[in-house]
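The values are calculated or read from the model by the stated rules, or taken from the named source; none is laboratory data. Since the structure is predicted, the reported quantities are computational estimates derived from the model, not experimental observations. Because the Cβ atoms are built from the backbone with ideal geometry, glycine has one as well, and the counts that use them run over all protein chains shown. Accessible surface areas use protein heavy atoms only, side chains included; no ligands, DNA or RNA. Shrake-Rupley method; radii C 1.70, N 1.55, O 1.52, S 1.80 Å.
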Amino acid sequence: MERPNAWKKYGDADVAELERLCADYRAFISANKTERECVAAGVKLAEAAGYVSLEAAVAEGCALTAGSKVYAVCHNKTLMLVNLGSAPLEQGVNILGAHVDSPRLDLKQNPLYEAGDMAYLDTHYYGGVKAYHWVATPLAIHGVICKKDGTTVEVAVGEDAADPVFCISDLLIHLASDQLKKPASEAVDHENLDVIVAGRPVVIEGDDEPKEPVKQMLLNILSDKYGITEEDFLSAELEVVPAGAAREMGLDRSMILGYGQDDRVCAYTSLAAQLDVPTVERTSVTLLVDKEEIGSVGASGMTSRFFENTMAEILELAGQGGPLALRRCLANSRMLSSDVSAGFDALYADRFEKKNAAIMGHGLCFNKYTGARGKSGSNDADAEYMALVRDIMDEAGVDFQTCELGRIGAGGGGTIAYILAEYGMDVIDSGVAVLSMHSLWEVTNKADVYEAYKGYKAFIERA
Ligand code: MN
Ligand code: MN
């Protein structure tokens, strides 16, 4: 069974729409490199599309009716959008889900030190990171510093052409004979991923000469520029990410090279689909969640009660509240749990089973199951539900393919799908194929981004 390359069917109008979507997507992932930035940008787009804060609606006791559009934010890191349909909520809702956290280096709570007349910030890696990717490459720092006075300083340095960038050093090859004999997992120690941030000492003559003059210079700059002291790192969330914008890739400009496409390619296309379908029969919900890369844990991860609590608030404001109604709503819902799929890579062909691999440019991926070691840890979608999804995609003219993450035994991975499935709803893993997933610069094909967007819209409209 061969599925076609999606580009073959496009006319000029398709390409124009594809390019518009992909330009917006590139701008989104270039400007938003943390979960917080994605959520803040998502709220802005939602408000522009007529969404209002659920918190405000609850405070004012606003009744929700068909056509009402609300959003809810959890710890500034997870976003949920709800567009009320005309059908009773007990009959279930259509959910698009994706995650907005990406692998990165987080600054430790006590990060700053001086050595060799340079100042460093020590990091702890977040998610699945090959340490050797992160050395000798330009880096940016994004995040927040929360001060004891209740104010928050937002930081994003290294993106503007006029900004400085940062770097982690690598060992000169002429001194690396021992290093190069190590397996790749040990060639660069994760504990050595310390970012160089300064290299010039303050000059104070006499007894006042500081013990660590380069660190002192950095602290002076932090004080002037951000009004913070070294102690303020204790209550900061600062993320080290690759510096620079996402780019078009290939002379034919058919692809996108960018950081954090796992899983912002699914998050952005889900968000765009949610906002672009203003009127629905079945309520549509888009969930952009945090902490997927470390197991969907914590208050802002998918395993928190945020989604369930928010649905309870929605039912109440819609005049359809009650514990049983909520249970029925959740059990009768349908979901596309979207996360990126490992695109077939001819350079590592033996890690794939090609006829069940995600081929770049062949459209939206559906993974009936994920997991490892005999599908362990997987949400295995029902054949009945898969049939419905196929029909929706075919009717809407969406190119799709079915995939597994690598050949049996090559590894495996989890998503948020199994968590929502616990309510008894139909859930299937879907998403966009990515090359070099979890590297600094991941690759997608524009056709897959476009087919994903169209597939999500079709799902909202018909599931
Ligand atoms: Mn992912
Ligand atoms: Mn991932």
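Mind listing just one residue for me: the one in the range 319-343 that is open to solvent by 10 Å² or more (accessible area, probe 1.4 Å) and out of contact with any helix residue (DSSP H, G or I) (no Cβ under 6 Å at 6 or more places or on another chain) and, of those, farthest from ligand 1 (Cβ to nearest atom)? Top of the filtered list is Gly319. When the range 165-182 is filtered for residues that are open to solvent by 30 Å² or more (accessible area, probe 1.4 Å), part of a loop (DSSP other than H, G, I, E, B) and more than 23 Å from Trp441 (Cβ to Cβ), the ones remaining, listed by number, are Leu172, Ser177, Asp178, Lys182.
None of Val289, Val280, Val285 is in a loop (DSSP other than H, G, I, E, B), crowded, with 17+ Cβ neighbours inside 10 Å and at pLDDT 95 or above except Val280. Residue-level check: of (1) open to solvent by less than 30 Å² (accessible area, probe 1.4 Å); (2) in contact with a strand residue (DSSP E or B) (Cβ under 9 Å, 6 or more places away or on another chain), Ala187 misses just (2). The single residue among Val241, Val297 that is in a loop (DSSP other than H, G, I, E, B), within 16 Å of ligand 2 (Cβ to nearest atom) and among the β-branched types (Val, Ile, Thr) turns out to be Val297. Of all residues in the range 249-267, those that are assigned to a strand (DSSP E or B) and of a type in the set (Gly, Ala, Ser) total 1.
For the range 53-104, taking the residues that are among the hydroxyl-bearing types (Ser, Thr, Tyr) and more than 16 Å from ligand 1 (Cβ to nearest atom), the one that is farthest from Val389 (Cα to Cα) is identified as Ser53.
The single condition among (1) open to solvent by less than 10 Å² (accessible area, probe 1.4 Å); (2) free of Cβ contacts under 8 Å to residues at least 24 places away in the same chain that Thr152 does not meet is (1).
The residues of the range 421-439 that are outside any strand (DSSP E or B), open to solvent by 10 Å² or more (accessible area, probe 1.4 Å) and within 16 Å of ligand 1 (Cβ to nearest atom), listed by number, are Ser436, Met437, His438, Ser439. Would you check if Leu45 is touching a helix residue (DSSP H, G or I) at 6+ places or on another chain (Cβ under 8 Å) and open to solvent by less than 20 Å² (accessible area, probe 1.4 Å)? No, not satisfied. Is it fair to say Ala273 is under 23 Å from Asn5 (Cα atoms), over 12 Å from the mean Cα position of the chain (by Cα) and not basic (Lys, Arg)? Yes. The sole residue among Arg390, Arg327 that is basic (Lys, Arg), in contact with a strand residue (DSSP E or B) (Cβ under 9 Å, 6 or more places away or on another chain) and part of a helix (DSSP H, G or I) is Arg390. Here Ala417 fulfils each of the conditions (1) of a type in the set (A, V, I, L, M); (2) open to solvent by less than 40 Å² (accessible area, probe 1.4 Å); (3) at pLDDT 95 or above; (4) within 15 Å of ligand 1 (Cβ to nearest atom) apart from (3). Tell me, please, whether a residue that is within 13 Å of ligand 1 (Cβ to nearest atom) and under 16 Å from Ala46 (Cβ atoms) can be found in the range 293-314. No, that holds for no residue.
Among the residues of the range 302-330, those that are in contact (Cβ under 8 Å) with a residue 60 or more places away in the chain and of a type in the set (Gly, Ala, Ser) comprise Ser304, Ala318, Gly319, Ala325.
Per-residue answers, yes or no, for (1) part of a strand (DSSP E or B); (2) more than 23 Å from the chain's Cα centre (by Cα); (3) in the same structural domain as Val73 (by TED's automatic domain parsing):
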site: Leu121; (1), (2), (3): yes, yes, no
site: Val129; (1), (2), (3): no, no, no
site: Tyr132; (1), (2), (3): no, no, no
site: His142; (1), (2), (3): yes, no, no
site: Lys148; (1), (2), (3): no, yes, no
site: Asp163; (1), (2), (3): no, yes, no
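Looking at the range 47-60, which of its residues are in contact with a Ser or Thr (Cβ under 9 Å, 6 or more places away or on another chain) and closer than 17 Å to Asp276 by Cβ? Within the range 47-60, Glu47 is the sole residue that qualifies. Residues that are buried (at least 18 other Cβ atoms within 10 Å of the Cβ), over 16 Å from Gly258 (Cα atoms) and among the hydroxyl-bearing types (Ser, Thr, Tyr) do not occur anywhere in the range 12-29. For the range 393-420, a residue qualifies if it is assigned to a loop (DSSP other than H, G, I, E, B), more than 16 Å from ligand 2 (Cβ to nearest atom), of a type outside the set (Asp, Glu) and touching a helix residue (DSSP H, G or I) at 6+ places or on another chain (Cβ under 8 Å), and the qualifying residues are Ala396, Gly397, Val398, Arg407.
Of everything in the range 203-229, what is at pLDDT 95 or above and either farther than 25 Å from Glu154 by Cβ or assigned to a loop (DSSP other than H, G, I, E, B) (or both)? Give them in sequence order. Explain how you work it out, then say what you get.
Residues of the range 203-229 at pLDDT 95 or above: 212-229.
Selection gives Glu212, Pro213, Val214, Gly227, Ile228, Thr229.
For the range 91-118, the tally of residues that are more than 16 Å from ligand 2 (Cβ to nearest atom) and surrounded by 24 or more Cβ atoms within 10 Å (Cβ to Cβ) stands at 4. Only one of the numbered conditions (1) part of a loop (DSSP other than H, G, I, E, B); (2) acidic (Asp, Glu); (3) under 26 Å from Thr283 (Cβ atoms) is violated by Glu451, and that is (1).
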